[in-house]
Structures are given as C-alpha cells and as structure tokens.
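After the structure tokens below, expect a handful of questions from me.
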Amino acid sequence: MAGVSPKISGDTRKHGTRIFIIWLVASIIGSSLIYFVLGPHLPPGTMTNQARGQQFDIKVLSTVATPVLLFVWIYMGYATITWRLKKGESWADGDGMYLKGNRKVQGWWYFITSATVLSLAVFGTYELIAPAGAGGGEGPSPIWKPASHHMLQVQVIAQQWRFTYRFPQYGGMETTSLELPNNTQIQFNVTSLDVIHDFWAYQLGVKADANPDVNNVAYAKPDQLGRFTVRCDELCGVWHGAMYNYGTVVTPSQFNTWATNLEKQNAAVTKLLPKYATTYTPSYTGAGGGYYPPGDPNGNL
C-alpha cells in the first residue's frame, strides 16, 4: 500500500485541479450572465424604489448562488464521467479510490461558507432598512419610515373578493380604481373587512397582509409611469383567483385632477361611508358603500 499512496495522492490533486478550473471558468461566465444580462429583467421591475431594491436583491442573491449550484452540477457531472465503471469492469474488482480528510480544504470550506452566510445576513438587513421596509407590511407602527414627511395616504380595503381604495386627503372618498402620482411617497394603510387577504401590488414591489381590525402599513415611491397589477396573495375563499385589478401611475397633475373630480362625483356616496379610520368593523357588505353584493366577484358600481 505504501507504494500506491503517492500515485493516489497525485490523482486526487489532478482531479481536484481539473474540477476547480472548470468550476472557476463556469462561475465567472455564469455569474456575469446572471448579473449583467438577466439581472435587469428580473422581477418585480423598477417601477418604484422598493421594486428596484427587490430586483437588486434578487440579482445579488442569484449571482452568489450561481457558483454554489455550478459546483454541485460540475462535481456530479465530473464524478459520473470520470469514476463510472468502465466496460468490462465489475463492482467485485476491488475498492474505489482511497480518500482521506484534508484539514486545509475543510478549513477554507468553513471560512468561505460562514463568511458568505454572514455577509448575506448583513446585506439583507441593510436592504430591508434602506428602502423603508422594502415594500412589505410593517404593521400599524412601522419601524422603518421614509424620510419624506409629505406622503399620499392610500387606504387599501380588502374584502371578498375585491380591493377598494380610500383617500383621506380627498374627503375620505372610496373607489374601486387606483391611480397614484409619480415621484410621490405613498403610504399604504392595508386592512380587511372580513377574512385575511394580502395586497400585492406586483410592479410596485408592495406586499402587505390585509387583516381584519389591523392597519398594516407599507411604503412605495413610484418613479415610472404605467400600469401595475394588484392581486390578493392570500387564499381567501372560493373566488380568490378573481380578486385582482389594475392600477396606474400618472403624473401628479393628472392624479390631482382625477382625485379631485372623483371626490366631487362621490360626495353623496362618501357621506354614507363610515368616518375614515384605520380599521373598520368586519363586515361582508363592504365599508358601507355597497360596491357589490356578497358572493359576486365581479361586482357593479
């Protein structure tokens, strides 16, 4: 056995070097493609600072994960090709290659993996704080708030199976359509009138649970004009799949015209609504506006 060990050790180093070189080249190419080519097209897009931050986070995590995934694939592929049974060989011919531990390799493995995990933890915490909660619901008393003191308040009222939106700064009027001004900090106050829902404004990077008797606050600042999708992302009943609509980001002047006109048009209906509050008594008939009959996912104004 003593005469065989040097050859085995040399073979081990040779295979290790080959795997490392293949992995290194593949990782450089793969990570570059993920970050620079695929990265700008990752969801949820760049319509708000929150969405842009989430896209960057996904891009970074995908780039970091690529070398790990490639190592597993390359090692499996190399082992399958190199150490498979050759034609005419049998499992009964003898033992496989003798392997033993390598403290240096193990030490580097522990260091690299620990440093990667801890770095990602720091990165994730910073990214959660920097864009004021990263578009997620922070409950009724947000820890991370935007620096701006001039915000548009938009109350999101979820109910089976529709979202309605209330604007306290425009007389407390409520509407089934959602328009938002560009380059304006938005505070979403999300609540529910019946069961648990989830307000997911996909392209805005906003996602917050809508719970009865709870005001769940989330922030976003649109900086691109266009349409975005709103869906319920919490199973809320038989018509859960039909609980979606679309919103639009417009210029501040267009928004002000829209909101002012709607406030005047809905003045008579607004008087029938409960006084504006962060939450309302759970009900199956809406916030008093009677937007649709129970059981009808489409509804009629």
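Looking at the stretch 232-259, I want the residues that are under 19 Å from Gln203 (Cα atoms) and have a partner that is assigned to a loop (DSSP other than H, G, I, E, B) with Cβ atoms under 6 Å, at least 6 apart or on another chain. Which pairs are those?
Pairs that qualify, where the first residue is under 19 Å from Gln203 (Cα atoms) and the partner is assigned to a loop (DSSP other than H, G, I, E, B), are Cys232/Met243; Glu234/Ile196; Ala242/Trp161; Ala242/Pro297; Met243/Trp161; Val249/Asn182; Val249/Leu225; Thr251/Asn182.
Another question, if that's okay. With the checklist (1) free of Cβ contacts under 8 Å to residues at least 24 places away in the same chain; (2) at positive phi in hand, flag the one item Gly45 doesn't pass.
Going through the list (1) free of Cβ contacts under 8 Å to residues at least 24 places away in the same chain; (2) at positive phi, Gly45 breaks only (1).
Right, another one. Is it the case, given these coordinates, that Ser177 is crowded, with 16+ Cβ neighbours inside 10 Å and either small (Gly, Ala, Ser) or farther than 22 Å from Arg52 by Cβ (or both)?
no
When you scan the stretch 262-277, how many residues do you find that are among the β-branched types (Val, Ile, Thr) and not in a helix (DSSP H, G or I)?
The qualifying residues number 0.
Which residues, counting only those in the stretch 19-42, are touching a residue at least 24 places away in the same chain (Cβ under 8 Å) and among the β-branched types (Val, Ile, Thr)?
Ile19, Ile22, Ile34
Does the stretch 204-226 contain at least one residue that is polar (S, T, N, Q), surrounded by fewer than 15 Cβ atoms within 10 Å (Cβ to Cβ), modelled with pLDDT of 90 or more and over 26 Å from Ile143 (Cβ atoms)? Step through it out loud before you land on a result.
Of all residues in the stretch 204-226, those polar (S, T, N, Q) come to 211, 215-216, 224.
Right, trim to surrounded by fewer than 15 Cβ atoms within 10 Å (Cβ to Cβ) and you get none.
No, the stretch 204-226 has no match at all.
Something else about it: From (1) closer than 30 Å to Asn183 by Cβ; (2) at pLDDT below 90, pick out the condition that doesn't hold for Val60.
(2)
In the stretch 109-133, what residues are over 23 Å from Ile186 (Cβ atoms) and surrounded by 12 or more Cβ atoms within 10 Å (Cβ to Cβ)?
Thr116, Leu120, Phe123, Gly124
Same structure, new question: Among the residues of the stretch 215-242, write down those that are within 12 Å of Val156 (Cβ to Cβ) and over 15 Å from the mean Cα position of the chain (by Cα).
Within the stretch 215-242, Asn215, Asn216, Val217 meet the criteria.
The values are calculated or read from the model by the stated rules, or taken from the named source; none is laboratory data. These numbers come from a predicted model, not from an experiment. A quick note on method: Cβ atoms are made from the backbone with ideal geometry, for glycine too, and the neighbour counts reach across all protein chains shown.
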